[in-house]
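Notes to accompany the following structure.
The values are calculated or read from the model by the stated rules, or taken from the named source; none is laboratory data. Remember, it's a predicted structure, so these values are computed and weren't measured experimentally. In this analysis, Cβ positions are derived from the backbone assuming ideal geometry, glycine residues included, and neighbour counts consider all displayed protein chains.
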Amino acid sequence: MFEHSVQEEGFRELFDAFPDAMLVVDPRGNLVALNRQAERLIGWTQTDLLGEPLSRLIPERFQQVSGSLHLIDAESRGIRAQNASVSLFVRRKDGSEFPVEFNRSSLGSGEEGLVLVTIRDLTKWRHAQEVLYQEKERAIVTLASIADAVITTDVAGTLTYLNPTAERLTGWRMTEALGQPLATVLALVSDATRQPIESIPARCLSEGRAVDLADGVLLLRRDGTEVAVGDSAAPLRDRHGDTIGVVLVFHDATEKRRVVRELSHEATHDALTGLVSRKEFERRLARVVADVSLGAAEHSLCYLDLDRFKVVNDTCGHEAGDDLLRTIGRLLGARLRSRDTIGRLGGDEFGVLLEHCSLAKAEGIAGSLQRAIERHRFEWAGRSFSLGVSVGVIPITAASGRTADVLRAADSACYAAKNAGGNRVHLERLEAALEGQQQVEDRRITRLTRAVDEGRFRLYAQAIVPLGLERPARPRCEILLRLPDEQGGVETADSFLPHAERFRLTAAIDRWVVRETVALLGKWHRDHPECELPLCSINLSVSSLEDADLVAVVQECLAQHRLPPGALSFEVAEAAAFGNFAQLVRLIAEIRAVGCGVGLDDFGSGLASFAHLKALPVDFVKIGGHYVRGVVEDPVFGTLVSAVNEIGRIMGITTIAAEVESEAILKKVQDLGVGYAQGQAVGPPAPLVGAEGGLTLPCVRRSA
């Protein structure tokens with residue numbers, strides 16, 4: 001009866017007008033009617049399915065689920081259909097399947113009543129759900145994979161999520177940490193005070209912005225151990241912009257802080273002795289000088305210069321000299337107060353800054369340092385050496401002048417001690433110090449000026465040897481400068497060039513070295529036409545960067561002595577170069593135009609080294625000895641040397657390891673791929689001109 005009514009024209013029009021796909025099913029589960037939307041959705045027509053069981057539309061695996069509608073199973077006959085919905089898949093006429101939601105409702109009452117089934121296509125909804133699921137899964141995978149630790153909290157500071165990195169870093173598993181107050185899981189204290197730090201999430205919420213953790217914070221892990229961390233926090237907001245919590249991102253900063261401390265220590269300490277560097281010593285001295293200008297406490301300064309150090313250096317080599325300097329540094333440091341500063345000022349010279357120390361007390365301290373060195377016996381390779389030290393002591397007062405004036409006055413007092421026979425303490429009050437300083441300065445400038453005018457300097461050469469088997473055999477060396485002293489020995493450039501710089505003599509000294517080197521090499525080249533032309537490097541001072549006529553002097557000398565320009569290269573210390581960058585760029589261009597090479601000495605001493613290197617067309621870089629000496633013991637130095645070498649390789653720049661003082665260092669830099677080595681382990685400095693008047697350069701015959 002009702003089955004006939006669904007076929008009536010009025011019902012049919014209304015039935016087909018519905019936008020939803022609809023089916024009418026009899027109590028036995030057979031299809032009675034389909035509207036047009038259902039026909040379009042499943043691809044079947046009413047004629048195809050009339051009288052067919054509803055199960056024909058449902059894949060076998062969903063038959064049990066569809067049975068819950070009580071439409072297709074025999075046992076459900078006579079059971080009145082209740083309104084219900086179920087999600088499953090439907091099969092189209094072409095055999096394809098798609099997800100749907102079946103909703104049913106009864107049409108009429110009694111056992112013979114029909115059931116209206118509405119079909120809702122879930123294809124787009126399931127796709128949207130799948131996209132959301134994939135996005136969530138990607139977010140979870142990303143949070144689990146990143147190296148940083150991530151923690152989220154609600155607005156009350158209760159923990160709601162930890163990623164695996166946060167679990168490892170804090171020692172808490174997420175299942176244990178959820179619902180805990182953040183401060184319980186992420187216990188942060190100041191490294192300096194050991195006091196808990198201000199709550200970062202609370203600050204983040206109160207300020208309504210992202211905030212960073214200050215430096216020097218430690219995380220107290222669940223097992224009681226500590227780890228340095230860096231941290232930032234940002235508000236979590238929902239799609240309406242309301243704050244719903246905080247996300248914290250933090251990481252283990254232990255290694256970073258260790259490297260920063262090492263670099264900071266390296267920047268302020270002498271690499272050989274571990275004492276305060278000259279630059280840092282002058283900084284601390286400047287603070288004390290400023291302090292006394294305000295009428296504060298009395299301070300004193302000691303300037304120490306080792307006696308007979310050159311005997312050890314010349315007899316046993318630089319490795320022995322380095323070991324002696326380290327020993328002296330420890331010897332002096334052990335006899336000073338914790339508030340005192342001891343620094344290596346250069347070569348075998350040391351400075352001791354005695355704060356809150358009267359001149360009389362400083363004299364006593366200086367005496368104890370002098371006696372300790374005098375009693376010490378230095379042993380090396382079965383030989384024993386006795387030493388001495390000349391010490392100059394001055395007060396630091398409001399009338400002392402600038403930092404440079406104070407250092408010069410102490411240096412003059414030290415010179416007076418050495419001039420009086422050495423191995424003694426010379427005490428000078430301010431007036432005498434100023435007078436003595438001027439006398440010493442006068443003697444020094446006279447001696448250096450005469451050395452330039454009369455050519456009293458001596459040239460030494462130190463070999464630079466290739467480390468690769470396929471390197472060319474062309475001899476290579478660095479030209480070094482020495483000055484004969486009044487005791488029959490020779491002073492290294494480190495001892496007199498700072499004074500020459502102060503007296504503005506270094507540009508003239510550089511020109512003398514160029515003329516003398518070119519003259520000697522030119523004669524050697526003419527006398528040995530069968531030999532490879534050596535490549536000799538000459539150091540240029542800061543003053544020469546501003547010498548507009550230097551390159552013209554080089555050209556004139558090369559032409560005069562008929563020496564090919566390829567025999568010369570010039571080295572500029574990195575620190576000096578980058579302080580005069582514009583002049584350096586000009587000088588490099590002019591020198592290369594002549595045909596000579598250019599390189600950077602002591603490379604790596606500045607943080608901007610690599611950035612500047614890219615802008616400079618240099619032929620070689622000499623890796624600083626402060627890095628090279630540490631490559632065996634410290635992997636950080638090895639990494640830095642390797643990085644310089646790799647950048648040099650990419651840019652086509654030759655790399656030279658300076659101050660290679662032992663076989664172990666030599667092997668290490670060779671393993672790192674450095675091109676050349678220079679130092680005691682491959683050859684000590686030797687006079688460029690031998691006892692018989694000829695050059696000591698090796699003669700490597702030209703290849704046929």
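Here are a few things to note about the model shown:
- Considering the range 494-522, the residues that are surrounded by fewer than 20 Cβ atoms within 10 Å (Cβ to Cβ) and among the aromatic types (Phe, Trp, Tyr) include one that is nearest to Cys699 (Cα to Cα), namely Trp512.
- Subset of the range 365-383 [at positive phi and touching a residue at least 40 places away in the same chain (Cβ under 8 Å)]: Ala381
- Criterion: modelled with pLDDT of 90 or more and not aromatic (Phe, Trp, Tyr) - qualifying residue of Gly329, Gly346: Gly329
- Exactly one residue among Ala413, Ala398, Ala362 is farther than 22 Å from Leu325 by Cα, in a helix (DSSP H, G or I), assigned by TED's automatic domain parsing to the domain that holds Ile342 and of a type in the set (A, V, I, L, M, F, W, C), and that residue is Ala362.
- Positions within the range 126-183 being of a type in the set (Ser, Thr, Tyr) and modelled with pLDDT of 75 or more, in sequence order: Thr152, Thr153, Thr158, Thr160, Tyr161, Thr165, Thr170, Thr175
- Any chance Leu186 is surrounded by 14 or more Cβ atoms within 10 Å (Cβ to Cβ), at pLDDT below 85 and not acidic (Asp, Glu): no
- Yes/no for Ala334 being out of contact with any Asp or Glu (no Cβ under 9 Å at 6 or more places or on another chain), under 20 Å from Ala271 (Cα atoms) and free of Cβ contacts under 8 Å to residues at least 12 places away in the same chain: yes
- Subset of the range 552-601 [under 37 Å from the mean Cα position of the chain (by Cα), surrounded by fewer than 19 Cβ atoms within 10 Å (Cβ to Cβ) and either closer than 15 Å to Thr517 by Cα or among the charged types (D, E, K, R) (or both)]: Gly566, Arg586, Glu590, Arg592
- In the set (1) farther than 30 Å from Thr160 by Cα; (2) among the small types (Gly, Ala, Ser); (3) under 23 Å from the mean Cα position of the chain (by Cα), the condition left unmet by Ala286 is number (3).
- For the range 668-704, the set of residues classified as farther than 16 Å from Leu459 by Cβ, touching a strand residue (DSSP E or B) at 6+ places or on another chain (Cβ under 7 Å) and not in a loop (DSSP other than H, G, I, E, B) consists of Val669, Tyr676, Ala677, Arg701, listed by residue number.
- Counted residues, the range 151-192 - those being of a type in the set (Ser, Thr, Tyr) and not in a strand (DSSP E or B): 4
- Residues of the range 639-667 that turn out to be outside any loop (DSSP other than H, G, I, E, B), touching a Gly at 6+ places or on another chain (Cβ under 7 Å) and under 21 Å from Val598 (Cα atoms), as a count: 5
- Spans of strands (runs of 3 or more DSSP E) in the range 455-571 with at least 3 residues within 30 Å of Ala582 (Cβ to Cβ) and not assigned by TED's automatic domain parsing to the domain that holds Gly347: 476-484, 535-540
- Qualifying residue in the range 666-681 (condition: polar (S, T, N, Q), at pLDDT below 90 and either surrounded by 19 or more Cβ atoms within 10 Å (Cβ to Cβ) or under 25 Å from the mean Cα position of the chain (by Cα) (or both)): yes
- Number of residues in the range 14-50 that are without any contact (Cβ under 8 Å) to a residue 12 or more places away in the chain and either touching a strand residue (DSSP E or B) at 6+ places or on another chain (Cβ under 6 Å) or under 18 Å from Leu114 (Cβ atoms) (or both) equals 1.
- Members of the range 372-383 found to be surrounded by 18 or more Cβ atoms within 10 Å (Cβ to Cβ) and either outside the structural domain of Gly317 (by TED's automatic domain parsing) or under 39 Å from the mean Cα position of the chain (by Cα) (or both), listed by number: Phe378
- Some residue of the range 58-75 being more than 60 Å from the chain's Cα centre (by Cα), buried (at least 16 other Cβ atoms within 10 Å of the Cβ) and at pLDDT 85 or above: yes
- Criterion: in contact (Cβ under 8 Å) with a residue 24 or more places away in the chain, hydroxyl-bearing (Ser, Thr, Tyr) and surrounded by 16 or more Cβ atoms within 10 Å (Cβ to Cβ) - qualifying residue of Ser386, Ser390: Ser390
- For the range 107-125, filtered to residues that are surrounded by 15 or more Cβ atoms within 10 Å (Cβ to Cβ) and either acidic (Asp, Glu) or at pLDDT below 80 (or both), the residue that is farthest from Arg28 (Cα to Cα) is Asp121.
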